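A quick write-up on the structure given underneath.
The values are calculated or read from the model by the stated rules, or taken from the named source; none is laboratory data. Treat the numbers as computed from the prediction; the structure is a model and nothing was measured. Counting neighbours? That spans all protein chains shown, and the Cβs are built from the backbone with ideal geometry, glycine included.
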Amino acid sequence: MSNYKVLVSKLGLDGHDRGAKVVARALKDAGFDVIYTGIRQTPEQVVEAAIQEDVDVIGVSILSGAHIHHVSRLMKLLRERGLNVPVVVGGTIPIPDVPRLKQMGVREVFLPGSSLKEIINVVRRLAEEKRRAEQQA
Amino acid sequence: MVKLFNNESIEKIREALKKWEKETLPLSLQRFPERMERFTTLSNIEVKRIYTPADLADHDYFEKLGLPGEYPFTRGIHATMYRGRLWTMRMFSGYGGPEETNKRLKFLIKHGETGLSLAFDYPTLVGIDSDDPMASGEVGICGVAVDTLKDMEIIFDGINLGEVTTNMTINPPAPVLLSMYVAVAEKQGVPYDRVGGTTQNDPLKEFIAQKSYVFPPEPAVKIAMDVVEWSVKNLPKWNPISISGYHIREAGSDAVQELAFTLADGIAYVRHLVERGMDVDEFAPRLSFFFDSHINFFEEIAKFRAARRMWAKIMKEWFGAKKPRSWWLRFHTQTAGVSLTAQQPWNNIVRTTIEALAAVLGGTQSLHTNALDEPFRVPSELAAKIALRTQQIIAYETGVADTVDPLAGSYYVEWLTDEIEERAWRYIERIERMGGMIEAVKKGYPQREITETSYRFQREVEEGKRFIVGVNIFVDEVEDEIRNVPLLEIDQEEIEARQKERLRKIRESRNKAKVERALAELRRAAERGENIMPYVLTAVKAYATLGEIMGTLKEVYGEWVEPPLI
């Protein structure tokens with residue numbers, strides 16, 4: 001079986017890429033194939049990259065406060081394209097926004113202070129689920 | 001050569017140390033084994049158990065320290081430092097539209113801040129208008145939205161620009177925002193020689209860390225240096241550049257890297273200006289710097305002191321500057337946003353206090369203290385006020401500002417100052433060998449160094465080698481309540497709609513022919529390689545938008561796309 005493939009992306013205009021890069025590095029070290037898109041991505045670009053690379057999980061990092069706006073567009077676009085890839089979000093997300101993101105279909109929200117171990121475990125579980133679902137289908 | 005201690009004293013101390021290690025220390029170690037095998041600063045510099053004059057055996061007082069206001073300025077750039085004038089309390093602020101920001105500036109002035117500092121939203125930082133599709137959802141969140149001169153007029157409504165100084169954290173669009181500021185000053189009847197403040201205007205660290213770049217490295221530096229040249233000739237009180245380590249640090253570097261990369265950026269700018277034919281003593285006194293103040297207290301103080309000493313040497317010995325003012329490293333400091341935690345956020349007040357104290361003991365010229373809610377959003381009024389009060393307590397209650405450079409002569413602080421300097425020189429030499437910072441940036445060298453350091457730090461936190469209270473030690477089991485601090489409410493959609501509406505009206509009512517002419521002339525000037533500042537100023541006064549001016553420049557200079565490195 002091939003390695004799990006994860007897309008790590010920065011949605012929107014903010015340039016705070018420290019967290020995204022640290023997470024991307026940690027996933028890589030944990031054996032994932034990691035596609036890092038870099039900063040200033042639009043939801044369209046993220047979806048396009050996810051399709052092109054056939055990823056198992058999409059990870060999005062936002063530290064600008066514009067997470068509700070961008071993630072809702074991303075989720076809508078994924079639905080429109082019929083793409084069933086789990087999405088996780090990380091960044092400076094205030095607690096009251098967590099249920100809002102989950103309602104949109106985001107599988108997990110990593111708040112500041114989340115450990116790399118926790119992130120790796122969740123991403124692995126979501127990737128496994130996705131592959132299993134594909135096999136059954 | 002004036003040594004701090006004579007050889008005989010040093011010998012006696014060394015002997016005493018040996019005896020101490022044999023007789024006194026073992027007992028202590030037996031009773032209280034040390035907490036860690038290896039103690040290190042955040043820059044991974046190993047800290048010894050004790051420092052004595054023996055660690056400063058070869059220390060030459062005048063070479064290393066001197067007196068404040070004199071070369072090499074380790075002890076401060078002014079003879080009296082804060083006894084004469086306290087540092088400027090300059091709170092980085094701005095959110096929503098210009099109306100909200102005008103109100104916030106007046107609130108902070110009322111509560112005693114002594115300088116202004118504008119935070120712009122992301123669309124403004126990357127030079128696009130509020131009605132650009134890429135701006136959707138981002139207008140007014142991380143700072144104030146500015147599209148045209150009209151917005152700047154509202155921001156400074158009722159604030160006399162002849163009586164305050166303003167920092168603007170703006171980089172690629174610096175020529176535009178400076179022109180807007182100057183145009184507002186003109187409208188208020190303030191003469192150019194009374195317009196004071198700072199444009200950050202430091203393009204190299206955008207590629208390294210802050211990532212609000214627009215143009216490729218060479219034209220980015222060219223445009224920034226246009227601002228410097230124009231300001232030096234027209235705005236004698238303006239600091240046209242703030243060479244910034246802050247963002248480098250926040251992006252995950254350590255203190256040594258922050259210092260080295262910042263000075264290497266400065267060297268690249270000085271070289272560019274000299275190649276332009278400017279006299280180093282004409283512009284060097286207007287260069288300013290900006291550093292982070294992180295939580296490892298003594299390391300930060302040592303960093304600030306080393307920075308002054310190194311820059312003085314660079315300007316005097318490398319570039320042959322003659323005026324003492326050209327040797328000064330004047331700097332603004334911001335406490336470390338990255339050191340703050342979303343967990344138990346009230347503790348952030350304490351972190352900020354310690355970091356602010358380090359900045360003051362390090363001799364900063366101005367200071368921003370972060371608000372406790374920084375991990376979530378731009379600060380609420382209350383949080384911003386507490387942050388300002390933190391500085392006021394340090395200034396007026398603690399007595400730390402009453403004597404110059406009070407930590408000079410601390411065996412540890414002096415040793416650490418030397419150590420950080422030594423390590424920073426090694427980085428600078430490496431960058432010089434690559435052909436200077438512009439080349440190093442294009443190769444991704446500082447970017448990779450920072451990624452390595454931040455990844456190492458994160459692993460150390462997770463392995464329990466570094467502690468962060470509330471994160472990996474003294475963690476609250478249930479923390480939802482305490483994590484919920486009252487946050488500033490921003491009606492983002494309303495603000496975005498308001499900005500777009502104002503922009504629409506301006507586009508309709510302005511003299512279109514005048515705007516088009518100004519943009520065409522700007523384009524020609526850029527193509528000819530002229531200094532673009534006078535043309536940007538004309539366009540701004542005709543109410544050309546930020547996006548139109550930046551768009552014109554992008555067509556001439558191109559845009560930077562970063563290769564995604566991890």
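Odds and ends about this structure:
- When B:TYR445 is tested against (1) at pLDDT below 95; (2) assigned by TED's automatic domain parsing to the domain that holds B:GLU299, only condition (1) is not met.
- Scanning the stretch A:86-96 for residues that are without any contact (Cβ under 8 Å) to a residue 60 or more places away in the chain and buried (at least 18 other Cβ atoms within 10 Å of the Cβ) yields a count of 7.
- B:ASP129 vs. criteria more than 22 Å from B:PRO379 (Cα to Cα), touching a residue at least 12 places away in the same chain (Cβ under 8 Å), within 14 Å of chain A (Cβ to nearest Cβ) and not in a helix (DSSP H, G or I): yes
- Residues being part of a helix (DSSP H, G or I) and touching a residue at least 40 places away in the same chain (Cβ under 8 Å) - total across the stretch B:457-493: 4
- Remark: B:GLU562 falls outside the filter, which requires a residue to be surrounded by fewer than 19 Cβ atoms within 10 Å (Cβ to Cβ) and part of a helix (DSSP H, G or I).
- The test for being among the aromatic types (Phe, Trp, Tyr) and within 30 Å of A:VAL8 (Cβ to Cβ) does not hold for B:TYR535.
- Leading residue by the ranking (farthest from B:PRO486 (Cα to Cα)) among those in the stretch A:68-120 that are touching a helix residue (DSSP H, G or I) at 6+ places or on another chain (Cβ under 7 Å) and basic (Lys, Arg): A:ARG81
- Lone unmet requirement of (1) closer than 23 Å to B:ILE170 by Cβ; (2) buried (at least 23 other Cβ atoms within 10 Å of the Cβ); (3) not aliphatic (A, V, I, L, M) for B:GLY337: (2)
- Residue within the stretch B:181-195 that is buried (at least 23 other Cβ atoms within 10 Å of the Cβ) and of a type outside the set (A, V, I, L, M) present: yes
- Being in contact (Cβ under 8 Å) with a residue 40 or more places away in the chain, away from every other protein chain (no Cβ under 11 Å) and buried (at least 16 other Cβ atoms within 10 Å of the Cβ) holds for only one residue in A:VAL47, A:VAL57, and it is A:VAL57.
- Of all residues in the stretch A:65-81, one or more are surrounded by 17 or more Cβ atoms within 10 Å (Cβ to Cβ), modelled with pLDDT under 95 and in contact with a Pro (Cβ under 9 Å, 6 or more places away or on another chain).
- Residues that are of a type in the set (A, V, I, L, M), in a loop (DSSP other than H, G, I, E, B) and out of contact with any strand residue (DSSP E or B) (no Cβ under 7 Å at 6 or more places or on another chain), drawn from the stretch B:137-158: B:VAL139, B:ILE141, B:ALA145
- All positions within the stretch A:78-99 that are out of contact with any His (no Cβ under 8 Å at 6 or more places or on another chain), within 14 Å of chain B (Cβ to nearest Cβ) and outside any loop (DSSP other than H, G, I, E, B): A:GLY90, A:VAL98, A:PRO99
- For the stretch B:495-507, the condition holds for at least one residue, the condition being that it is within 14 Å of chain A (Cβ to nearest Cβ), under 30 Å from B:ARG377 (Cα atoms) and touching a Gly at 6+ places or on another chain (Cβ under 7 Å).
- Residue, farthest from the other protein chains (Cβ to nearest Cβ), within the stretch B:342-372, restricted to residues that are modelled with pLDDT under 95 and within 27 Å of B:VAL139 (Cα to Cα): B:PRO345
- Scanning the stretch B:453-469 for residues that are within 15 Å of A:VAL23 (Cβ to Cβ) and within 9 Å of chain A (Cβ to nearest Cβ) yields B:SER454, B:TYR455, B:PHE457, B:GLN458, B:ARG459, B:VAL461, B:GLU462.
- Apart from one condition, B:PHE319 fits all of (1) among the hydrophobic types (A, V, I, L, M, F, W, C); (2) surrounded by fewer than 20 Cβ atoms within 10 Å (Cβ to Cβ); (3) modelled with pLDDT of 95 or more; (4) in contact with a Leu (Cβ under 9 Å, 6 or more places away or on another chain); the exception is (4).
- Residue check for B:ALA209: in a helix (DSSP H, G or I) and either touching a Leu at 6+ places or on another chain (Cβ under 7 Å) or of a type in the set (Asp, Glu) (or both): no
- Filter result for the condition that a residue is among the aliphatic types (A, V, I, L, M), touching a residue at least 60 places away in the same chain (Cβ under 8 Å) and either assigned to a helix (DSSP H, G or I) or not assigned by TED's automatic domain parsing to the domain that holds B:ALA255 (or both), over B:LEU86, B:LEU42, B:LEU17: B:LEU42
- Residues that are more than 25 Å from B:PRO123 (Cβ to Cβ), over 26 Å from the mean Cα position of the chain (by Cα) and within 14 Å of another protein chain (Cβ to nearest Cβ) occur in the stretch B:485-494; there is at least one.
- Any hit, the stretch B:396-410, residues being in contact (Cβ under 8 Å) with a residue 24 or more places away in the chain and either under 30 Å from B:GLU218 (Cα atoms) or part of a helix (DSSP H, G or I) (or both): no
- If the condition is being within 8 Å of chain B (Cβ to nearest Cβ), under 18 Å from A:VAL122 (Cα atoms) and in contact (Cβ under 8 Å) with a residue 12 or more places away in the chain, then the stretch A:9-35 contributes A:LYS21, A:VAL22, A:ALA24, A:ALA26, A:VAL34.
- Among the residues of the stretch B:159-194, those identified as within 16 Å of B:MET533 (Cα to Cα) and in a loop (DSSP other than H, G, I, E, B) are B:ILE170, B:ASN171, B:PRO172, B:PRO173.
- Exclusive hit being closer than 28 Å to B:PRO123 by Cβ and either in contact (Cβ under 8 Å) with a residue 24 or more places away in the chain or of a type in the set (Val, Ile, Thr) (or both), set A:LEU77, A:LEU126: A:LEU77
- Tally, over the stretch A:1-16, of residues that are in a loop (DSSP other than H, G, I, E, B) and within 14 Å of the chain's Cα centre (by Cα): 2
- In summary, B:THR198 fulfils each of the numbered conditions (1) closer than 18 Å to B:PHE283 by Cα; (2) more than 20 Å from the chain's Cα centre (by Cα) with the single exception of condition (2).
- Answer from B:ARG325, B:ARG276, B:ARG308 - the residue that is charged (D, E, K, R), buried (at least 23 other Cβ atoms within 10 Å of the Cβ) and over 30 Å from B:VAL378 (Cβ atoms): B:ARG308
- Of all the residues in the stretch B:109-134, those that are of a type in the set (A, V, I, L, M), in contact with a Lys or Arg (Cβ under 9 Å, 6 or more places away or on another chain) and over 27 Å from B:ALA387 (Cα atoms) number 2.
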